[in-house]
Amino acid sequence: MRPTLEPVIHLRSAVALIGRFPALAGVDLDVESGEVVLLRGPNGAGKTTLLRACAGLVPVVSGVARVLGSDLVADRSAVRRRVGLLGHATHLYDDLSVSENVDFWSRASGATSADGRAALDRLGVASRLHELPVRSLSAGQRRRVSLASVLARRPELWLLDEPHAGLDAAGRDVVDGLMAEAASVGATVLFASHELERAESVAHRTVVVAGGVIQVDDSALEHGIPENPSRSDTEVSDED
Amino acid sequence: MRTEGVRGVVADAALVAGKDLRLERRSKVGLSQVLPFALLVILLFAFALDPDRRVLGAATPGLYWMVVLFSAVLAVQRSFGVEGEDDVLDALRLSGLSAPGIFLGKVAALMVQLLALEFVLAIAVAVFYGTEISGILLLAGVTTTATVGIAAAGGTYGGLVARIRGRDTLLPLLLLPLLAPVLISATRGTEVALGRDAGPGWPWVGLLGIFGAVYLTLGALLFRPLLEDA
């Protein structure tokens, strides 16, 4: 993967705007290669914006923001083809079949059709579904197909927003397995989840986001830095 | 691994064009909505002007290209509408596809659809208006170059309005005035091809070619910032 020792994600006082609103209001975060990091926090905390900023989709207007060695403040397009983003949307064409969708996104990212088929198998998408139009799938099945498109491109950095959402128990296990596998081969995973028990069992560490800033980073706790969140635990865990 | 440079752009364009044509084949929006709309307008013009066949005959080239332009707006809306659904534009930005490749692919797919539509409309005009189609070579030149211009301008402005609220009404407002030179040149060229005008026809083809080349170049250059702001 990456030959340098620089963190995969290195943010210092990073500010990102949604319109005029500072969705990220000075984020400090380091994520090392091979780490699986959970982002938690209340709705509107800035988790999705943080993931999208790391993908180069939301501009970071001030501060330091380096992802996979690319300076996002100067040029946020360079990092895009090296990350895999699973957002709230599935990024699929409704009228194309499952296999046509995965094939298109695989080839668009430089992978092969065979990579796409292998990813569908890995995600447990039954072969009887491959030729069905995506619009006929359930939400959970769409989610699996979307994840297959991400897996096929073998990203160096996985950015997953609620990856367990809409999936059945087997699907959630597959997602957990994928995150662990990705980390084992040196990729890095940053994911947001409200399913704390499951998510914390997969994550190497947890970062709490609230009000557009990092409130708690448990890597700081490991190093003896006192926890000082401005919100109470009740507020933070009062999610969805 | 992705191919870089011009070959990469061509490969990306082929991938996007293939995807767009497959989408059209699956959804049949062009066949079940755009084509019937175009045929209906052709038919309505025939009803409206039928009492005076002379007027209908004289107006045929202009009516034909007006219908093509209206149908093109629908085709462009559909082409970029699918990219706006389910945040697909984000996925396009995250993919390794080059912006000029995406633009040229979408233009190529639009061209194929428009050429098919124009062929069917020409038959309809021949049947409903009693038009004798002659000057095939000039007609082919006019049709091809006009279609390049319409698709290239449509691709550029389709990208511009892809994520804007109210894009369905904004697109015709932006695109139709811009396509006025295409309408005029294509109509004049078609009049010459059909023998309604004795003047030279190929200069109109040249003018349409210049328009198409300008918008192909502009679109390929501007599509990256358009994709960013979409």
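Only the coordinates and a few stated rules stand behind these numbers; no lab work does. Computed from a prediction, not measured in an experiment: that's the story for all the values here. When we count neighbours, we look across all protein chains shown, and the Cβ atoms used for this are built from the backbone with ideal geometry, even at glycine.
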To the nearest whole percent, what portion of all C-alpha pairs in the protein assembly as shown is separated by more than 28 angstrom?
-> 57 percent
Top mean-square fluctuation among A:Asp103, A:Asp176, A:Asp95, Gaussian network model of chain A, C-alpha springs under 10 Å?
-> A:Asp95
Of the residues A:Leu160, A:Leu129, A:Leu190, which exhibits the maximal mean-square fluctuation in a Gaussian network model of chain A defined by a 10 Å Cα contact cut-off?
-> A:Leu129
Average Cα contact separation per residue, chain A, under 8 Å, 6 or more apart, as relative contact order % | 28 percent
Calculated from DSSP H runs of 4 or more alone, at -39500 (n - 2.57) each and per residue, what is the 222 nm mean residue ellipticity of chain B, nearest 500?
-> -28500 deg cm²/dmol
Going by how many other beta carbons lie within 10 Å of each one, how would you line up B:Leu74, A:Leu5, A:Leu50, fewest first?
-> A:Leu5, B:Leu74, A:Leu50
Quick one: compute the contact order of chain B, relative version, from alpha carbon pairs under 8 angstrom and 6+ residues apart, as a percent.
-> 28 percent
So how tilted is helix B:136-161 from the main axis of chain B? Cα-based, degrees 0 to 90, rounded to 10.
-> 40 degrees
Nearest-0.05 FRET efficiency for B:Ala126 and A:Glu181 at R0 = 60 Å, using Cβ-Cβ distance, is 0.45
Could you point to the residue in B:Leu31, B:Ala11, B:Gly206 farthest towards the positive end of the protein assembly as shown's charge dipole, with +1 and -1 charges on the Cβ of Lys/Arg and Asp/Glu respectively?
-> B:Gly206
Any lysines with Cα under 21 Å of the B:Lys106 Cα? List them, leaving off those in the same chain fewer than 8 positions away.
-> B:Lys19, B:Lys28
Under a Gaussian network model of chain A whose springs join Cα atoms within less than 10 Å, the largest fluctuation of A:Ala126, A:Ala25, A:Ala210 belongs to A:Ala126
Using the Cα centre as the reference, give the magnitude of the dipole from point charges on the C-beta atoms of segment B:125-228 (Lys, Arg: +1; Asp, Glu: -1; all else neutral), rounded to the nearest 20 debye.
-> 340 debye
Might you report the magnitude of the Cβ-based charge dipole of segment B:5-229 about its Cα centre, with Lys and Arg at +1 and Asp and Glu at -1, to the nearest 20 debye?
-> 180 debye
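Can you list which of the trypsin sites (Lys or Arg not before Pro) found in segment B:11-86 are DSSP loop residues with at most 16 other C-beta atoms within 10 Å?
Sparse-neighbourhood loop trypsin sites (Lys or Arg not before Pro): B:Lys28.
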Two-site FRET efficiency, A:Ala74 against A:Ala25, from Cβ-Cβ distance with R₀ of 22 Å, rounded to 0.05 = 0.55
Return the FRET efficiency for the residue pair B:Thr217, A:Glu197: r is the Cβ-Cβ distance, R0 is 56 Å, and the value is rounded to the nearest 0.05.
-> 0.50
Enter the angle in degrees (range 0 to 90, nearest 10) between the Cα long axis of helix B:53-84 and the first principal axis of the Cα atoms of chain B, meaning the one along which they spread out most.
-> 10 degrees
Exposure proxy check on B:Ile150, A:Ile9, B:Ile133: fewest-to-most Cβ neighbours within 10 Å is B:Ile133, A:Ile9, B:Ile150
